[in-house]
Every structure is written in C-alpha cells, then in structure tokens.
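Asker: Structure below; questions to follow.
The values are calculated or read from the model by the stated rules, or taken from the named source; none is laboratory data. These figures come from a predicted structure and were not determined experimentally. Reconstructed Cβ throughout: ideal geometry from the backbone, glycine too, with neighbour counts over all protein chains shown. For accessibility, only protein heavy atoms count, side chains too; no ligands or nucleic acids. Shrake-Rupley method; radii C 1.70, N 1.55, O 1.52, S 1.80 Å.
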Amino acid sequence: MTTATVTRITHADRARSPIPFGRLVRTELRKLTDTRAGRWLLVTLVAATPIVAAVMVATMSAKDLNYAKFVDFTSTPEKLLLPILGILTMTGEWSQRTGLATFVLEPRRGRVLTAKVVAALALGAGMTVLMLATSAIGNVLGAWLRNGNGSWAFAGQVAGEVTLVLISWLLLGMALGMALLVTAAAILVAFVVPNMFSAFFGSGAKNTTAWFDLNQAQSPLYSHDITGKGWVQLLTASALWIGVPMLLGVMRVRRTEVK
C-alpha cells in the first residue's frame, strides 16, 4: 500500500514538475559529443571546411575565386555529413541502448524528440555559420594571395539558399533516423535512395521530376536562379522526402516499445 502511494506521488510530482526543456536539449547535445562516432563526425565537419577552402585558394583559377564558389565547394562536406549527424541524433537511443533510461526520466517522448531536433539544428546551424565564415575568409585570402576575383555578388542570397539546402539534408537524416531507428540502414537509405531516384528519373523532363526529386528541386538553389514555381516544387519534394518519413518516424518512436 505504501509503495503504491509513493509511486503515485512520484509520478504526480514528475507530471507537475517536468524536466526543463533547456536541460533536455543540453543532454542531447552531450549525447552527440560524448560518443566516439558523434565526436569524430563533428571533428571531421570542423576540419573539412577549411581544408577545402585552402585547396581552392591554392589550386583554383583566380577568376573563379569568389564568395559564391567558396560557398558551393565548402558546403559539399556538410551536405554529405550533416544527414549522418541527424541520423545519429535519432538512432542513438536504440544503438546505444539508452532509450529506457531516457524515456523513464522523461516519459513524454514528444518532448525528447523535440529536444533532439533542436540540438541537431543548433549544431547544424553552427557548422553552417563556420562554413560561411570560412568561405568569406577564403574569398579574402584568394583576392589577397592570388589576385582572385574576390566578388561578393549575391552573397546574402548565396548564403541563404545553401543554408536551406544543408538544413534540409540534416532534417532528412533526422526523419530517416526516426523512421528506421537503425543507424546503418538510415545512412544507406539517405545516400543511396535519393541518388538512385535521381538516376532513374533524372532523364525525364526537368519540370516534371523536380516535383518529387529532392536533388532536382534543389538544383536551382545552387545556380541561384530559383523561381516561384521552383519554390513550390522544392516544398513538394521536401514534403515527400522529409515530411512523410518524419511523420512516420514520430509515430514509430512514440509507439515502439523500449527494451
């Protein structure tokens, strides 16, 4: 009788005093940096961007050394690695077998998932800012050391559009991580399926495939000539590749038994 009463009081106190959301976000950030895979992934992200910029300054034609080119090239490592960051964020509870402790301490799984999304977006935003800053430094060094073009034309547009691409791939990784809950499978799907889809359907009319091909829909963001119709196509393709897996993933995480 006493045990049952204490249990009811404990649950009631927890319901009245939930774990602060900021603490949940900090916990998810620690999880990403405490594991060996997460730590090396972040180190690779931080190191790859300046390496790419340095190679560009040393080897590219002077006329091509402008801010838009630096952003396009230095964003490549992030486009490849940010989906993995999103996947690790969502699959960690199952691959590291910490889900039981996490969901006992915070039984409302929706809050945990939201904290994971915020933590991953914060890291992704930080990596993106680093990439944009490195591109700016590279552009200055290219103009100074190589008499490069040094153009800053459409700098704000370039930065905004490439940031949108990177965040969308980060969200894709999180969506697939939630939907599959297995790191290796989610990474395989994230890299193979969109590219295979583009390979099979890329030969069709561009205006048609862009409605359901994420790579095709994002291509105007790299050429910086996206139109109103292009934005609608991008939204539709993003809903298909990001929205649907994320909805399925949220449903699966909320219903999956943690062992």
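Asker: Show me 175-186, 229-240, 112-123 ranked by packing, highest mean number of other Cβ atoms within 10 Å first.
Answerer: So the order, starting with the most tightly packed, is 175-186, 112-123, 229-240.
Asker: I've got another one for you. Of all accessible surface on segment 120-259 at a 1.4 Å probe, what whole percent is carbon and sulfur? It would help to have the intermediate numbers written out before the result.
Answerer: Working: 4990 of 6970 Å².
So the carbon and sulfur contribution to the accessible surface is 72 percent.
Asker: When we measure straight from the Cα of LYS69, which aspartates and glutamates land under 16 angstrom away, once same-chain ones fewer than 8 places off are left out?
Answerer: GLU78, GLU161, ASP225
Asker: OK, next. Would you mind getting the accessible area per residue of the chain, heavy atoms of the protein chains only, 1.4 Å probe, in Å²?
Answerer: Details: 13290 Å² over 259 residues.
Computed with neighbouring chains in place, this is 51 Å² per residue.
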